[in-house]
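Single-structure report; data block below.
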Amino acid sequence: MSEFTPKDSISPACASPSSAGRTDGLLELFDMDEIMNCMHCGFCLPTCPTFVQTGLETYSPRGRIALMKGVATGQLAVDAEFEHHMNACLGCRACETACPAGVPYGGLLETAREVVQETKKAQEKPSAVRNLIFNRVFPYPQRVKRLGNVLWAAQALGLQSFADRTGLIRILPRELAEMQKAVGTVASPRERRTRLPRMQAEGETKFTVGLFTGCIMDVMFFETNQATARLLTKAGCDVVFVPQQGCCGAMHAHSGEMSGAKELAKRNIEAFERSGVDFVVNNAGGCGAALKEYGHWFKGDPDWEERARRFAARNRDANEMLAELPPLSFSKPLPAKVTYQDSCHLAHGQGVRNQPRELLRRIPGLELVEMRQPDSCCGSAGTYNLTQFDMSMQILDGKMEQVRETQARLIVTSNPGCLLQMKQGILRAGLAGQMEAVHIMDLLDRAL
């Protein structure tokens, strides 16, 4: 693997103001109160994976906020250099946990990326690939499912393994060629088509919950959604697979496509309002963080803010929901040493840390061993492992050193992106056959 080489850092204090790349109307998107809350104390620096890797101030939350301030006040241009430093951030939000001033860095980063993208759109037409992803595929659940059908067919016909064996896979970009090795078996179109729209609680119904199935989650991790539903019914919930729901909008928001993210959010708010469920439950840390932030996304919108806040208040991660319900009875012992990798957006974005661990400790025979930094990012970060491959792999390799120290047989996580990344880490570390990465809902379901 080639070493990650950061671009030369720039100092906001020394950079020359320029009118190039300035879109004054967009600068009003920045919340200067939030930017000025940064006290420059540096508590965030040791928690930031990109700063730890590079040692450069502009690769830290403090440095990026300084750049945002420069742009927001018109002292710096919205140029390629600013875009690079915003995109080099994982968005893991570990800095928010460390920050004594409570700076909402995740929201600031989304605003900065929105300003970048809107500035670029005013200057040039978006690339065909970007337009395809954000405007032609992910806003349409049926198109995502069709892509899933294509992937299933490739696996069922042996095309994926054939490409691996013959080396044809090398025609793909390196990051995709490596990632596909970690992709598990995709559910068949028939399995997905014949799913019941509602699953009844075992015993007395305590709540009716709508399972947020996601876009990629319901294609590549269909069985994890099914396992989540089974666990919830065992705990006394009726589970409804709400129609007309779609992508949560997180990928759009993290990529500066905020208007698209809001359109997806509106669709989900309306779908779950019609369903009449008591709670909305999800099993993907990144999606859950976005769903809980809908109120913030629509701040100041007279038509949507209150509806978005009500929707966000009803959202629960599956770990949260199961921890609030009467304890599940696990009848199948799992005698194995396990380590838990926190999903960044579950731990730092939602504050859900203890509940997954409490659930794991209830499984007979399971030994939970903590790694040194379980809440440090694995390097997945949505699409980061595709767009910033070298940095992502450096972070992953460091994470796998910590995993190896635990001598665990299972790596458990609560987010599909983290799961794929940890599977990739096992392969890179030469631990295939010795270690397995698994979603916590699948592991709990095994023990029922």
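What follows draws every value from the coordinates through simple rules; no lab data is involved. Keep in mind the model is a prediction, meaning the values are calculated, not measured. Cβ sites come from the backbone with ideal geometry, for glycine too, and all protein chains shown count toward neighbours.
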Filter result (over 25 Å from ASN315 (Cβ atoms), touching a residue at least 12 places away in the same chain (Cβ under 8 Å) and polar (S, T, N, Q)) within segment 187-228: SER188
Selection within segment 334-351 - part of a loop (DSSP other than H, G, I, E, B) and either touching a residue at least 40 places away in the same chain (Cβ under 8 Å) or of a type in the set (Asp, Glu) (or both): LEU334, GLN341, ASP342, SER343, HIS348, GLY349, GLN350
Enumerated helices (runs of 4 or more DSSP H) restricted to segment 166-276, each holding at least 3 residues that are more than 21 Å from LEU419 (Cβ to Cβ): 189-193, 258-275
Positions within segment 377-392 being part of a helix (DSSP H, G or I) and surrounded by fewer than 22 Cβ atoms within 10 Å (Cβ to Cβ), in sequence order: LEU386, THR387, PHE389, ASP390
Residue, nearest to LEU26 (Cα to Cα), within segment 48-99, restricted to residues that are of a type in the set (S, T, N, Q) and outside any loop (DSSP other than H, G, I, E, B): ASN87
Count - residues of segment 114-149 that are touching a His at 6+ places or on another chain (Cβ under 9 Å) and assigned to a helix (DSSP H, G or I): 1
Qualifying residue in segment 60-67 (condition: of a type in the set (S, T, N, Q) and within 17 Å of TYR384 (Cβ to Cβ)): yes
Test: residue in segment 334-353 that is surrounded by fewer than 20 Cβ atoms within 10 Å (Cβ to Cβ), closer than 25 Å to ASP238 by Cβ and not hydroxyl-bearing (Ser, Thr, Tyr): no
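Residues are listed down the side, and each one gets a yes or a no for (1) more than 19 Å from the chain's Cα centre (by Cα); (2) without any contact (Cβ under 8 Å) to a residue 12 or more places away in the chain; (3) surrounded by fewer than 18 Cβ atoms within 10 Å (Cβ to Cβ):
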residue	(1), (2), (3)
ARG62	yes, no, no
GLN75	yes, no, yes
CYS92	no, no, no
GLY106	no, no, no
GLU118	yes, no, no
Qualifying residue in segment 314-330 (condition: part of a helix (DSSP H, G or I), aliphatic (A, V, I, L, M) and in contact with a Phe, Trp or Tyr (Cβ under 7 Å, 6 or more places away or on another chain)): yes
Residues within segment 170-186 that are within 19 Å of MET393 (Cβ to Cβ), hydrophobic (A, V, I, L, M, F, W, C) and free of Cβ contacts under 8 Å to residues at least 24 places away in the same chain, tallied: 2
Unmet requirement for GLY167, which otherwise passes all of (1) without any contact (Cβ under 8 Å) to a residue 40 or more places away in the chain; (2) surrounded by 13 or more Cβ atoms within 10 Å (Cβ to Cβ); (3) small (Gly, Ala, Ser): (2)
Answer from LYS292, LYS266, LYS234 - the residue that is touching a residue at least 24 places away in the same chain (Cβ under 8 Å), within 25 Å of PRO126 (Cβ to Cβ) and not aliphatic (A, V, I, L, M): LYS266
Filter result (among the hydrophobic types (A, V, I, L, M, F, W, C), part of a helix (DSSP H, G or I) and surrounded by fewer than 18 Cβ atoms within 10 Å (Cβ to Cβ)) within segment 396-448: LEU427
Subset tally (residues that are charged (D, E, K, R) and assigned to a loop (DSSP other than H, G, I, E, B)) for segment 352-376: 5
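Residue by residue, here is whether (1) touching a residue at least 12 places away in the same chain (Cβ under 8 Å); (2) exposed (fewer than 14 other Cβ atoms within 10 Å of the Cβ); (3) of a type in the set (Gly, Ala, Ser) holds:
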residue: TRP304; (1), (2), (3): yes, no, no
residue: ASP317; (1), (2), (3): yes, no, no
residue: LYS332; (1), (2), (3): yes, yes, no
residue: GLY365; (1), (2), (3): yes, yes, yes
residue: PRO374; (1), (2), (3): yes, no, no
